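Please treat every number below as a calculation from the coordinates, not as lab data. Fair warning: this is a prediction, and the values are worked out from it, not measured in the lab. All Cβ positions, glycine included, derive from the backbone under ideal geometry; neighbour counts span all protein chains shown.
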Amino acid sequence: MFPFSSPYPTTPLNAASFEATAAPVYDFIIVGGGTAGCVLANRLSQNPTVKVLLLERGNARTGWATRVPLMSTNFMGDESAAYRWPASFPVGADRTLSLVTGKGLGGGSSINSMQYTRGSPKEYDLWSRNGRQGWSYAEVEPYFKKSEHFVNATVPARHHGTHGEWKVRDMGEFYFPTAKSCVEACTALGLPFTKDLNDPTTPLTVCAKLDCTIDAGGHRSSTFAAFLPQRLAEKRKSHLHICTGAAVTALDLEVDSNGQIHVQGVAFQANEPGSKVWHARAKKEVILCAGAISTPQILLLSGIGPEANVKKPLRKELAGVGQNLQDHVAMGIMYSVPTDQSLHIIQSSGLRAVAELLRYIAFGEGLFLSPVTQLSILVDSALIDNEGRVHPQDPTKSASLPDLELMPIHFNYSDPPIHIEDGVFSLKVGLMRPRSRGTVTLASTDPLQRPACELGFLSNPADLEVMRRGIRLAKRIGEKMRELGAPLKDFYMPESEADADLDIFIRRTVRTTYHYGCTCRMAPERDAGVVDDELKLHGIAKLRIADCSIIPEMMSTHLQAPVVMIAEKCADMIMREHLGA
């Protein structure tokens, strides 16, 4: 894909678009043009009589490199692609970590590792059993299918969508021999292998191939590219206004004669200190899609949240706003491998890098198409003994959702990175159902400042026990790979498998996986919930949230596919209520 020949049609932030004396009126205002916001903007603007405003703090990144899978995943040095700022000191770790969130249209879907994982049906059935009406797997599966366009299938596509906008593909053969060796080691250790993690019948403990959000032409399929391509934005620009570079400063609230709080619209400004504040009104609803960090920040800035944390005056006390922050905390053990069996070959050999780039441009294949991993190993830690061996599930007991994910990654996974000229093969160990909790609070009442985030990693000792079991299993997999002929040499490991040495290693290497969620969870207000089953804020009319902040508890899966499902379901609920669709 080559750069657009004309600028992406965004609405300029100036008096010509937003009158200083009379705020423009829309039917719906969407705050945040990230993974969910692009989906909602597409769905709500399908009706040409409905006027929609999408406000995004970042920009429309449309350059060629933003669609190259490997290049667009390497976002750390690109300030236009992501926000990066230090977390508050995380309890239980001996260093400060950085938070990273997507910036610009498409949000995290424009920079992530492109894994498309729905999660087990048991995830959503658990939501349903806990009282979330309309959220069982049978009820949400149609929304997964609605957005998905499964391409290049080498497995049956009966449970996939084939007519949606969002391209998802099976990546075919493994790019590196170490991935195949990892599968062989897992099956030898008793872990079943499946070619499709998204098959609803997949076992909970499993080694599985991953689908990726990459189209048939080899381009990253972010929700920006899929749901708001230039041709659609041009076609709908009379009633869909996409305003980039716009930082929302607060919600405009009003209390009626009955004491009910209504959202009238939003206040926003250019993403520069001292910029003029503009206002826009929403006749029907405002939908927050700013993510698990920025959505609670906007609520707190608007006087909505715990009384001690909000910008005064307090407008509505909601104890759950900004609480319950969770992430898939992770770390990795690493092995040296021949350079050509690692993505480091592109860094160490300029000729190979040029050859691979030309191969990608000419044929849409090769290392620049390669995702950072093609496998997910999901395990219930209760099945792992102290030596790292996996024991079969007792058939008389109900299987539990996995609380560990191991992923073979073909580059250096350490943080900070370690300089090495040789190739690196990492086994990432991720905690999928953390018991530790963090918070999002206001570091400043200045809306342009990033909020204060206490990640809380490892503050609950139970998380350390799960991670220890994960490291021991990772070492057994590495040993079995080597036994089967894989050229692995120990490179970055704990001193031993004693609990104390494992804990030191975990604390030294623990990192975020950028899967922040649960800060405005869907639950009753008495249970620190922020939204109800229709994603409406408790006690606030005309306001919903549709992003990863509403997830009740962290899921045993990567979050981008569930977030798109949430956006699809939210759009459907809105259209049924307001448009009779």
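Data for the structure
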quantity	calculated
Relative contact order of segment 50-141, pairs being alpha-carbon contacts under 8 Å that are 6 or more residues apart, as %	22 percent
Point-to-point label distance, HIS262-LEU484, nm (Cα→Cβ direction, 7 Å offset)	6.3 nm
Cα-based reach from LYS283 at 12 Å (exclusive), listing aspartates and glutamates while leaving out same-chain residues under 8 positions away	ASP27
Option label - semi-axes √(5λ) of the Cα gyration tensor in Å computed here, alternatives [x] 40, 31, 19; [y] 58, 46, 17; [z] 39, 27, 23	[z]
Residues SER444, SER549, SER336, sorted so that the one with the fewest Cβ neighbours within 10 Å comes first	SER444, SER336, SER549
Alpha carbon convex hull of segment 260-418, volume per residue in cubic angstrom	316 Å³
Neighbour-limited loop hits for GluC sites (Glu not before Pro), segment 419-479 (at most 12 other Cβ within 10 Å; DSSP other than H, G, I, E, B)	GLU421
Angle between the chain longest axis and helix 350-363 axis [Cα atoms, degrees, rounded to 10]	60 degrees
Qualifying aspartates and glutamates (Cα of each under 13 Å from Cα of LYS569; at least 8 residues distant if same chain)	GLU139, GLU141, ASP533, GLU534, ASP547, GLU577
DSSP-defined beta bridges in segment 136-245 - what % are antiparallel, rounded to 5	40 percent
Ranked list, fewest to most other Cβ atoms within 10 Å of each Cβ, for LEU357, LEU484	LEU484, LEU357
Cα-based shape type of segment 46-136, given that a ≥ b ≥ c are square roots of the gyration tensor eigenvalues and the cut on a/c is 1.5	oblate
Efficiency of FRET from Cβ geometry, ALA138 and GLU553, R₀ 25 Å, rounded to 0.05	0.80
Gyration tensor (alpha-carbon) shape descriptor, segment 511-581, a/c threshold 1.5	oblate
Centroid-to-centroid separation of segment 214-290 and segment 344-408 [C-alpha atoms, Å]	36 Å
Percent antiparallel among DSSP beta bridges (both partners in the chain, rounded to 5)	65 percent
Helix-only CD estimate at 222 nm, as mean residue ellipticity for the chain, using -39500 (n - 2.57) per DSSP H run (n ≥ 4)	-7000 deg cm²/dmol
0 to 90° range, to nearest 10: angle between helix 461-483 axis and the chain longest Cα axis	50 degrees
Packing-based exposure ordering (other Cβ within 10 Å, fewest first) of ASP380, ASP532	ASP532, ASP380
Over 21 Å (Cα to Cα) - which of LYS51/LYS237; LYS284/LYS312; LYS51/LYS284 fall in this group	LYS284/LYS312
Between helix 35-44 and the chain: long-axis angle, C-alpha atoms, 0 to 90°, nearest 10	40 degrees
Shape of segment 197-256, Cα gyration tensor, a/c cut at 1.5	oblate
